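Report on the structure given below.
The values are calculated or read from the model by the stated rules, or taken from the named source; none is laboratory data. None of the values given here were measured: they were computed from a predicted structure. Every residue, glycine as well, gets a Cβ built from its backbone with ideal geometry; the counts of neighbours run over all protein chains shown. Just the protein is used for accessible areas: all its heavy atoms, side chains included, with ligands, DNA and RNA removed. Shrake-Rupley method; radii C 1.70, N 1.55, O 1.52, S 1.80 Å.
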Amino acid sequence: MELKEFINKGYTINAQVSVVETHEVDLENLEEDVGDNLGEVIDTWIDDREPVSYDILDPDGELISGYKPTLFDDEDVRAFIANL
């Protein structure tokens with residue numbers, strides 16, 4: 001399938017990325033378990049230490065690229081689309 005046809009038919013490409021969140025911590029009530037003292041998220045960014053993988057969804061929103069990540073770059077995605 002050509003990319004234009006892929007888009008026109010309503011298929012979707014989702015990027016799966018790891019993110020890191022920074023939380024406020026209540027230091028006045030700090031106990032052994034820091035997790036109990038986490039407050040609001042104050043910052044979020046992409047963790048670029050792990051590779052981005054891509055999922056392909058059909059027009060109904062069903063995952064068609066499989067649950068195990070296999071699409072890691074533009075070439076992988078284009079090859080998958082070409083084989084639809």
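Structural remarks
- Inter-residue pairs, beta-carbon under 8 Å, first among the small types (Gly, Ala, Ser) and in region 39-62, second assigned to a loop (DSSP other than H, G, I, E, B), 6+ apart: 39/26; 53/69; 53/70; 53/71; 53/72
- Wholly enclosed strands (runs of 3 or more DSSP E) of region 6-73 bearing at least 3 residues modelled with pLDDT under 85 and open to solvent by less than 90 Å² (accessible area, probe 1.4 Å): 38-46
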